[in-house]
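Written out below as structure tokens is the structure these notes cover.
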């Protein structure tokens, strides 16, 4: 029974990874739900963790996109490097799939910048960058009672050429408060320009 359950989790993870790699599903939860529907599962122990889906995504890219995917990552990392220079006054950091190397043709470049939403949108308008503003809830570790600290963060989405950007604006006074990754629940990895440039050299 345990073996069957593990196999089902694996199948759902593989299908979710395929949806993310080939159909542009960007959110782990959405991919997981769609994959679960295929196997008649909506919740419970048979649903894979996000980290399991990302492992399956890496395997899918290695098997089916070994020629194109590394070049896509390089393209997005180069675009990210340009953006880190452009937004340098906001101490920007790269996060997400472009940093982790799991990005594909449907991926955004995800940045964290440190200023106020008003200042950031004013900067974008000064440079004639059309933007869509949203709000996203982030988790920041746990309170004493075990519940997660949560905060709504302003997010700005725009295009730079053919590259989509997703920029979360954090209060510069709380720059050391790192949100938790949706992949593994650990503090989100952030990369500076110098770190990113080293990654680009090694692709």
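The values are calculated or read from the model by the stated rules, or taken from the named source; none is laboratory data. None of the values given here were measured: they were computed from a predicted structure. Every residue, glycine as well, gets a Cβ built from its backbone with ideal geometry; the counts of neighbours run over all protein chains shown.
Condition first: crowded, with 16+ Cβ neighbours inside 10 Å and either more than 25 Å from residue 165 (Cα to Cα) or assigned by TED's automatic domain parsing to the domain that holds residue 110 (or both). Now tell me which residues in segment 5-32 satisfy that.
Selection gives 8, 9, 11, 12, 13, 14, 15.
Mind listing just one residue for me: the one in segment 47-75 that is buried (at least 19 other Cβ atoms within 10 Å of the Cβ) and farther than 14 Å from residue 20 by Cα and, of those, modelled with the lowest pLDDT?
The qualifying residue modelled with the lowest pLDDT is 47.
Taking the condition outside the structural domain of residue 174 (by TED's automatic domain parsing) and in a loop (DSSP other than H, G, I, E, B), does residue 53 pass?
No, not satisfied.
Within segment 181-203, can you find the residues that are touching a residue at least 60 places away in the same chain (Cβ under 8 Å) and more than 17 Å from residue 84 (Cα to Cα)?
182, 183, 184, 188, 203
What are the residues in segment 92-110 that are buried (at least 20 other Cβ atoms within 10 Å of the Cβ) and on the phi > 0 side of the Ramachandran plot, if any?
Within segment 92-110, just 96 meets the criteria.
If I filter segment 27-41 for residues that are within 19 Å of residue 184 (Cα to Cα) and part of a loop (DSSP other than H, G, I, E, B), do I get at least one hit?
Looking for residues that are within 19 Å of residue 184 (Cα to Cα) and part of a loop (DSSP other than H, G, I, E, B), one finds at least one in segment 27-41, hence yes.
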